[in-house]
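For reference, the structure discussed in these notes is given below.
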Amino acid sequence: MPDVLFTPYPFRGDCQPARSTLLLLALGATLFLTSTKLTAQPFSTSWLSGGVLIRDATILTAPDQQHAQTELGSVLIDDGKIKSIGSAVNAPVFARVIDGKGKFVAPGFIDIDSTLAMTTTGSSVAQLTARAEDGFDRFDRDALVGALKSGVTCVYLRPGPALGFAGLGALVRLAAEGSTSVAIGQVLQTEADLFLNLGATQRPIARVQLIAAVRKQLDEARDYRRQLDLYQEELTEYEQQLAKRAAEAKTAGDANVEKKVAGTDAPIAPLVATDLRPAQDAASAQDLQNPNPMQAPPSPVPSPTPPDGSGAGAAAAAPAKDAKAELKKPTQPPRREDLRILLRALDREIPVRCEAHRSSDILNALELADRYGLRLILTGATEAHLVAKEIAAREVPVVLGPLEAPLDMTDELLRRVADNAPALLRAAGVAVWVGSGAEPFSSRALLGRAAMAEARGSGVESIAMVTSAAAALLGVDSVGDLRVGARADFVVWSGDPREPGAVVERVFVGGIEVYVRTETAF
Amino acid sequence: MLQRWPQVVRYVVSCACIGGLLAAPLDAQPRDASAASPSVFTLVGARVVKADGELYDGLAVVVDNGRIQRIELASTTGLPTPVELPAGSVLCPGFIELCSNLGAKNQNFELASPIDAEASALDASDPSSAHFAKALAAGVTAALVWPAPINLVSGRAFVARTHVTRDEFDCLRVDGPLVFSLGNQVLRMDREPTSRGRALALLTESLRTGGQQSPTFRDYLAGRVPALFVAGDVVDVESALTLFGGGLSMPVLVADLDVRATTERLRLGRELAARKAVAILGPFTFATPENKVRIAGEWDRAGVRVALAGGWPAATPTSLRQSASLAVREGLSLAAARRALTVHAAVAGGVSHRIGAIGSGLDADLVVWSGDPLRLESEVLEVYSRGIRVVHRAALRTPQRAATAKKDIDEL
């Protein structure tokens with residue numbers, strides 16, 4: 001046997017470790033680590049990868065968007081996604097393990113009606129092109145941490161409070177900045193919906209004028225659509241005509257070449273190179289005058305123009321010249337960003353979220369949806385219970401605003417709140433949601449409001465309302481649930497989040513821990 | 001015709017006598033909204049909130065003629081007229097809303113004089129106001145109504161039950177607490193004090209000589225009437241600790257402090273605890289900064305008796321529980337939160353010898369909740385005032401009201 005293996009000291013005379021000794025040490029360490037994991041659970045082929053494992057917690061989910069369910073188990077996250085979940089989860093060797101005994105793991109809550117970290121107080125002038133994401137302060141740590149401490153990891157932000165079409169709402173995820181654990185706002189959808197504010201307490205004449213203005217804008221958008229369609233038709237025809245001319249010119253040019261081959265003395269006209277130039281120059285000049293991305297690119301096929309004025313070529317070119325003079329490129333309608341946004345709503349690409357409180361305003365909103373084919377979501381909806389049948393007939397979802405009126409009934413709007421509105425709406429077949437509302441720090445109110453709505457007959461359990469049901473309303477399926485393959489946006493609670501004493505201990509967004517409770521235990 | 005007059009008169013008198021005899025029992029005590037309540041009965045089946053704020057299973061509460069006679073084990077045999085409460089429900093003392101303007105009629109504060117100990121909020125409150133019925137339906141069985149605290153001495157608050165019958169308050173206390181204030185709201189340009197220095201001087205003088213001018217002041221200085229002290233800032237609290245030393249009992253502190261430094265909050269808590277102070281905090285909303293809400297838990301752990309206010313009538317019916325729920329989230333224990341709404345609130349109002357806890361000899365002002373009242377989704381099932389059931393949830397959601405709602409939906 002080689003002496004080096006049995007040398008009593010691991011080092012040679014020059015104090016360098018023997019190579020074989022180092023190999024033995026490395027092998028031993030690997031076997032040790034593997035064996036400790038093997039004794040804990042079955043051997044995993046992914047033992048070399050990392051990830052985070054929350055072990056032996058109560059997993060709280062609501063997969064059917066109505067009822068919450070719990071099961072004891074573990075959650076393994078890796079590469080920003082949930083890799084494994086349940087009672088039999090293999091832990092990789094190098095995974096970070098968090099003890100979840102006595103804790104609850106729930107999906108990050110989704111606030112479907114929020115003004116979190118919105119820096120603008122809102123303009124009184126409605127702007128279709130206003131974007132909620134432009135008013136969102138992604139670095140407002142106080143607000144973002146406040147939301148995370150309430151278990152909220154995703155919010156819908158409404159644009160300003162202007163009456164009429166107030167702009168585009170945004171969906172924001174409170175994700176980590178790069179590879180750090182600092183949470184900032186990451187915009188998931190910049191144009192989540194188009195927000196229409198019909199107000200609450202205006203005088204009747206103002207409300208009539210507002211609805212008339214909204215209809216006018218929608219009609220204008222329809223007209224714009226017709227202009228765009230007409231332009232497209234004309235452009236298509238123009239291109240077809242150009243192609244036809246080019247084909248004719250080519251035919252005439254070939255005939256010219258054949259004549260040459262047959263024995264004429266006239267040189268073969270360099271049809272392509274020379275003839276292209278004038279048409280190309282004309283097209284370039286036109287592009288410079290109107291450099292619009294919506295403009296169709298100039299046709300690469302020019303009208304042929306023989307340079308030598310030969311008889312056949314001249315005869316072929318003359319009618320082409322005359323026809324080219326007649327052919328006029330259609331004028332593109334001016335670009336209107338505001339109307340483009342309305343067209344997206346008319347095409348049902350994005351929903352229209354309408355804030356309407358009075359029953360008459362709600363009926364106006366429903367009429368707009370019928371007339372223009374809009375995909376409507378009602379928000380606020382203080383008197384929705386009075387027109388529940390109409391809402392149910394159109395299957396319009398409702399995001400309720402105030403759930404109860406103050407004792408002092410002086411507020412003209414709040415005095416109309418019915419405390420059993422969720423039950424009345426549900427009885428009529430209307431689906432009900434709640435968000436946190438319009439206060440800046442009101443993410444703390446989210447779960448409490450959902451619980452109140454449940455108690456007052458919404459028919460949806462509170463956890464479901466702020467997770468899977470909220471995700472379904474917003475049309476996103478990558479958040480709001482704990483399942484294999486979903487984004488690892490979840491929260492570790494000290495207890496059942498529905499109990500008053502439960503607090504958030506850890507928040508993971510995209511698999512990165514963005515919040516850890518640091519206060520000492522009470 | 002004239003011969004029949006005596007017969008007619010006898011007939012009318014007879015009817016009047018019969019009517020009077022029938023009406024007499026109706027005036028004896030408030031009517032129950034549903035079936036007549038027996039005078040002695042036992043409430044069983046619910047978890048009971050005792051004076052320490054904890055929830056206990058397996059207990060029964062015996063009520064005798066409007067007072068809590070005793071607490072027994074539910075398994076005890078021979079309990080009088082057991083009333084089975086719904087499974088999962090919680091029997092809790094009625095909450096007490098503090099520092100409210102319930103029923104305030106017009107202006108309930110005096111602007112001319114900075115010191116007016118004799119003004120009474122009772123004279124400016126309307127018992128027929130709808131506020132009280134709503135408060136009762138929200139599980140609040142008593143309220144401390146105070147004059148707006150914009151004077152150095154604003155007058156006397158009063159404590160009354162929210163169950164109002166025949167437009168008359170069922171008062172638990174009419175002689176106070178006396179309301180002291182210090183802070184920017186008492187400084188005015190049209191009368192004294194216009195500065196903090198003058199405000200302190202006036203307050204010191206009034207405490208020294210007030211007993212000579214005002215019966216209420218004399219009662220306060222003699223310890224017969226409690227007091228509230230409204231502080232808007234840390235320096236106001238420090239002033240209160242100084243002003244009310246030397247034999248004067250520390251008034252109940254009504255504090256709305258925005259103190260960011262934890263050490264400062266804890267220091268104040270220790271000083272107040274050393275003076276055996278009671279503090280009224282809140283109302284807390286979801287927009288209240290966390291450092292304001294954390295004071296509740298920090299002071300409670302320091303030994304201060306913490307009570308919570310709900311901000312009525314400007315706030316919603318759940319605002320009182322919302323304040324408690326937010327305080328729990330920021331460190332107040334569940335038991336302390338329940339104490340803040342009940343027993344400590346009664347101490348703050350000077351009526352702890354009458355209400356605020358489920359204890360032998362106290363008035364049977366009780367509320368049956370569908371669950372822990374600190375959970376916002378819990379609802380009031382029943383309310384007892386002086387041992388009489390005055391609110392029943394089935395009555396709130398009457399079949400007629402439900403049918404009306406459905407009819408509205410069908411017709412629209």
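Miscellaneous remarks
- Net charge of Cβ neighbours under 11 Å - reference residue A:197; Lys, Arg +1; Asp, Glu -1: 0
- In region B:236-319, taking the dipole from charged Cβ atoms about the Cα centre, the farthest positive-side position among B:296, B:248, B:273 is held by B:273.
- The loop-placed trypsin sites (Lys or Arg not before Pro) in region A:47-109, going by DSSP, that have at most 13 neighbouring Cβ atoms within 10 Å of their Cβ come out as A:101.
- Region B:78-157, accessible surface, carbon-and-sulfur percent (1.4 angstrom probe): 55 percent
- Cleavage-rule hits (trypsin sites (Lys or Arg not before Pro)) in region B:223-297: DSSP loop, at most 13 neighbouring Cβ within 10 angstrom: B:224, B:260, B:276
- Annotation: the antiparallel percentage among DSSP beta bridges lying fully within region B:113-172 is about 75.
- The interface between chain B and chain A buries about 3100 Å² of solvent-accessible area in total (1.4 Å probe, ligands and nucleic acids excluded).
- Taking each of A:83/A:103; A:149/B:50; A:101/B:292 in turn, the alpha-carbon distance tops 22 angstrom for A:149/B:50; A:101/B:292.
- 5 Å binning of all Cα-Cα separations within region A:394-522, expressed as whole percents from 0 upward: 2, 9, 15, 20, 20, 14, 9, 7, 3, 1, 0
- Calculated accessible area for region A:398-512 comes out at 29 Å² per residue, all protein chains present (probe 1.4 Å; ligands, DNA, RNA ignored).
- Two-site FRET efficiency, residue A:360 against residue A:517, from Cβ-Cβ distance with R₀ of 35 Å, rounded to 0.05: 0.15
- Once the Cα-Cα distance is subtracted from the 0.36 nm per residue extended length, the residue A:21 to residue A:337 segment shows a gain of 106.6 nm.
- Loop trypsin sites (Lys or Arg not before Pro), region B:132-206, which have at most 14 other Cβ atoms in a 10 Å radius of their Cβ (DSSP): B:166, B:188, B:191
- Cβ-based net charge around residue A:405, under 14 Å, with every Lys or Arg adding one and every Asp or Glu removing one: -2
- Net charge, residue B:183 excluded, C-beta distance under 13 Å - Lys, Arg +1, Asp, Glu -1: -3
The values are calculated or read from the model by the stated rules, or taken from the named source; none is laboratory data. Model, not experiment: these values are computed from the prediction. Glycine also receives a Cβ, built like all others from the backbone with ideal geometry; neighbour counts cover every protein chain displayed. The accessibility values were calculated without ligands, DNA or RNA, using every heavy atom of the protein model including side chains. Shrake-Rupley method; radii C 1.70, N 1.55, O 1.52, S 1.80 Å.
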